[in-house]
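Down below is the structure, laid out as structure tokens.
The values are calculated or read from the model by the stated rules, or taken from the named source; none is laboratory data. Keep in mind the model is a prediction, meaning the values are calculated, not measured. Positions of Cβ are generated from backbone atoms using ideal geometry, with glycine treated the same way; all protein chains shown enter the neighbour counts. Just the protein is used for accessible areas: all its heavy atoms, side chains included, with ligands, DNA and RNA removed. Shrake-Rupley method; radii C 1.70, N 1.55, O 1.52, S 1.80 Å.
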Amino acid sequence: MTLRWYSTVIESTDHQALARWWSDALGWEVMFEDDEEAVLVPPWARELGPKLSFEQVPPGLVFVRVDHEKRGKNRLHLDFAPHTSEDRDAEIERLIALGARRTDIGQGPDVSWEVLADPDGNEFCVLSSRDQ
């Protein structure tokens, strides 16, 4: 049996606003949105999805509404890396201009990644540039 990574679910008290923020941050499309959830997919997923085998279809991000605020550090977070042709620091500044903020989760000063938090406080990392 093969499992497919279908989605990553993120809870939010304003799931639609957070989904739109991540849509802007990643350049992904809002595929579905209602009062309970919002779903993002990469823009190429709709075109390539039908051509790929089940386990190759890329995962989406699902934002669900909850009544409670985030408390404490994430136990799971997302890592992102700009391509080597991109300016990593400019990308970090773009995310901050969208509403992210730098955050300290104990990473220390000599790490090769920057820890940011989205407008709801969910931590994510921007790694050094990668070719793939």
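Side notes on the structure shown:
- Basic side chains Lys and Arg get +1 at the Cβ, acidic Asp and Glu get -1 at the Cβ, and with that the dipole of the stretch 32-132 about its Cα centre reaches some 220 debye.
- Interchain or long-range residues, amide H under 5 Å from Ala81's placed H: Leu127
- Within the chain, antiparallel bridges make up roughly 60 percent of the DSSP beta bridges whose residues both belong there.
- Rg/Rh ratio calculated on Cα atoms of the chain (Kirkwood radius): 0.97
- Ellipticity at 222 nm from helices only: DSSP H runs of n ≥ 4 in the chain, each -39500 (n - 2.57), divided by the residue count, give -6000 deg cm²/dmol.
- Expressed per residue, the C-alpha convex hull volume of the stretch 90-132 stands at 82 Å³.
- Solvent exposure of the chain as accessible area per residue, Å², 1.4 Å probe: 65 Å²
- Across the chain, Cα pairs under 8 Å and at least six residues apart give a relative contact order of 25 percent.
- Computed from backbone phi, the HN-Hα couplings of the stretch 34-44 come to 8, 5, 10, 8, 9, 10, 10, 9, x, x, 8 Hz, rounded to whole numbers (Karplus: 6.51 cos²θ - 1.76 cosθ + 1.60, θ = phi - 60°; Gly and Pro given as x).
- Radius 15 Å from Cβ of His77, net charge of other residues (Lys, Arg +1; Asp, Glu -1): -2
- Positive end of the dipole of the chain (Cβ unit charges, origin at the Cα centre): among His15, Pro50, Phe32, the Cα lying farthest that way belongs to Pro50.
- Under 5 Å between amide hydrogens, built in the peptide plane, is the criterion, and for Gly99 it picks out nothing among residues at least 5 positions away or on other chains.
- Karplus-derived HN-Hα couplings along the stretch 75-87 (A = 6.51, B = -1.76, C = 1.60, θ = phi - 60°), whole Hz, x at Gly and Pro: 8, 9, 9, 9, 10, 10, 9, x, 5, 4, 7, 9, 7
- The chain: most fluctuating residue of Pro82, Pro50, Pro42 per GNM, C-alpha cutoff 10 Å: Pro50
- Applying the Karplus relation 6.51 cos²θ - 1.76 cosθ + 1.60 with θ = phi - 60° to the stretch 49-64 yields 3J(HN,Hα) values of x, x, 8, 9, 6, 3, 6, 8, 5, x, x, x, 10, 10, 10, 10 Hz, where x marks Gly and Pro.
- Rounded if a/c under 1.5, otherwise prolate or oblate - the stretch 58-125, Cα gyration tensor axes: prolate
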